[in-house]
Amino acid sequence: MRQYSGLIEHIDWVAEYDPDGGAVWLASAVTITGRRANGLNGNGTGANIDADEDAALWSMADLVQNAVAEAHTAWPWGDAGGFMSPQLVNEVAVWRDRNGGITRMGELAEST
C-alpha cells in the first residue's frame, strides 16, 4: 500500500445480496485516525452468489480498494511505482502493476 494521507484505523464491512442481479456486494466504511468514518461504500464489481474463491476475492479487493482510495489515504502500489489494480487473470485474483506484472492476491501480504 502507498500511504499518503493519514492512517487507516479500521474498516467496517457489510455484505449485501442483490436478488435482482444475483451478486453479493461488499460495502466498506473506512475510518482514518482522527477523522469520522466514511459512509458505507461499494463502488466496484460485485461477485455472483455462486462465484469461486478467486472471483469473490477479486470483487472484495476491487470494492475495498475503491473505498480506501475514496477516503484519500492509500492505494496498492507496485514495486516499480504506480498504482496496482485488482484483476482476474485465468480465473485467478491478482494485483496488476503498471508494467503488466502480476502478483496473486494472497501472495502480496506474504511478501511485505
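The numbers here are math on the coordinates, done by the rules we state, and not lab data. The model shown is predicted, which means the values in this text are computed figures rather than measured ones. As a convention, Cβ positions derive from the backbone with ideal geometry for all residues, glycine included, and neighbour counts pool all protein chains shown.
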Given (1) under 10 Å from the mean Cα position of the chain (by Cα); (2) on the phi < 0 side of the Ramachandran plot, ALA23 misses just (1)
Flagged in the range 37-64 as farther than 20 Å from HIS10 by Cβ, of a type in the set (S, T, N, Q) and touching a helix residue (DSSP H, G or I) at 6+ places or on another chain (Cβ under 8 Å), in numbering order, are THR45, ASN48
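Tell me, yes or no, whether the range 96-109 has at least one residue that is more than 22 Å from ASN38 (Cα to Cα) and under 11 Å from the mean Cα position of the chain (by Cα).
Pass one, the range 96-109, residues more than 22 Å from ASN38 (Cα to Cα): 96-109.
Going one step further and asking which of them are under 11 Å from the mean Cα position of the chain (by Cα), we end up with 105.
Yes - at least one qualifying residue is present in the range 96-109.
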query = Just wondering, is there one or more residues in the range 38-48 that are touching a residue at least 40 places away in the same chain (Cβ under 8 Å) and over 26 Å from ASN90 (Cα atoms)?
reply = no
